[in-house]
Amino acid sequence: MEPPVPPQEQPPRPRSHTVTTTSSSFTANLSASSSTLAYDREFLRTVPGVLMVTEIVLGLLVWTLIAGTEYFLYPAFGWVMFVAVFYWVLTVFFLIIYMTMTYTRIPQVPWTMVGLCFNGSAFVLYLIAAIVDASSVTKDLDSHNYNSWAASSFFAFVVTSCYAGNTYFSLISWRSRTLQ
């Protein structure tokens with residue numbers, strides 16, 4: 001028997017030193033524009049800015065006045081709590097977006113349409129919640145919580161009118177954008 005023939009070793013191939021990289025314009029623009037965070041001080045001096053701060057302050061009052069009671073025993077107040085907390089959190093989120101001018105960094109989002117849909121839905125659902133809140137307040141239900149529920153009902157209607165005002169300004173802004 002003959003010993004096996006070792007396979008012939010092939011000479012090593014020369015390695016290529018060419019490296020190809022690609023970058024998208026989106027990531028380049030994002031990294032270039034996110035180096036500084038803008039702050040719009042003038043937004044709080046506009047009517048929509050004042051309405052938004054009022055929505056936050058009075059919306060906080062609505063849900064804290066209800067949260068301090070035994071609202072969980074009455075489903076109607078659970079609905080009011082859901083609407084008040086949900087729109088309070090989203091309004092704080094939008095205030096941060098407007099104050100930091102983040103909307104200028106994300107031009108792919110139709111911000112005027114988003115604002116119109118947000119304010120319109122907030123107006124409708126807050127109106128329903130305010131009516132439910134007001135119709136659920138009776139001394140027969142729980143006289144201990146009557147004052148808190150009555151106050152929350154009043155402030156819910158005030159917040160509703162603020163969202164109605166912001167819906168109006170969002171509609172004007174949206175119309176001016178669609179006509180251009």
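The values are calculated or read from the model by the stated rules, or taken from the named source; none is laboratory data. Bear in mind the structure is a predicted one, so any value in this text is a computation, not a measurement. Neighbour counts are summed over all protein chains in view; Cβ atoms, including those assigned to glycine, are modelled from backbone coordinates with ideal geometry. Heavy atoms of the whole protein, side chains included, go into the accessibility calculation; ligands, DNA and RNA do not. Shrake-Rupley method; radii C 1.70, N 1.55, O 1.52, S 1.80 Å.
Observations on the model:
- Share of alpha-carbon pairs per 5 Å distance bin for segment 34-106, given as whole %: 3, 15, 21, 18, 13, 11, 8, 6, 3, 1
- Per residue, the average separation of C-alpha pairs within less than 8 Å and at least 6 apart gives segment 26-166 a relative contact order of 37 percent.
- Ala150-Val89 pseudo-label distance in nm [points 7 Å out on the Cα-to-Cβ vector]: 3.2
- When each of the peptides 166-174, 61-69 is scored by how many other beta carbons lie within 10 Å of its residues on average, the order from highest to lowest is 61-69, 166-174.
- Solvent-accessible ranking of Thr112, Thr104, largest area first, probe 1.4 Å: Thr104, Thr112
- At the residue level, Thr102 shows approximately 40 square angstrom of accessible surface with a 1.4 angstrom probe and all protein chains present.
- For segment 34-106, averaging the sequence separation of C-alpha pairs within contact (under 8 Å, six or more residues apart) and dividing by the residue count gives a relative contact order of 47 percent.
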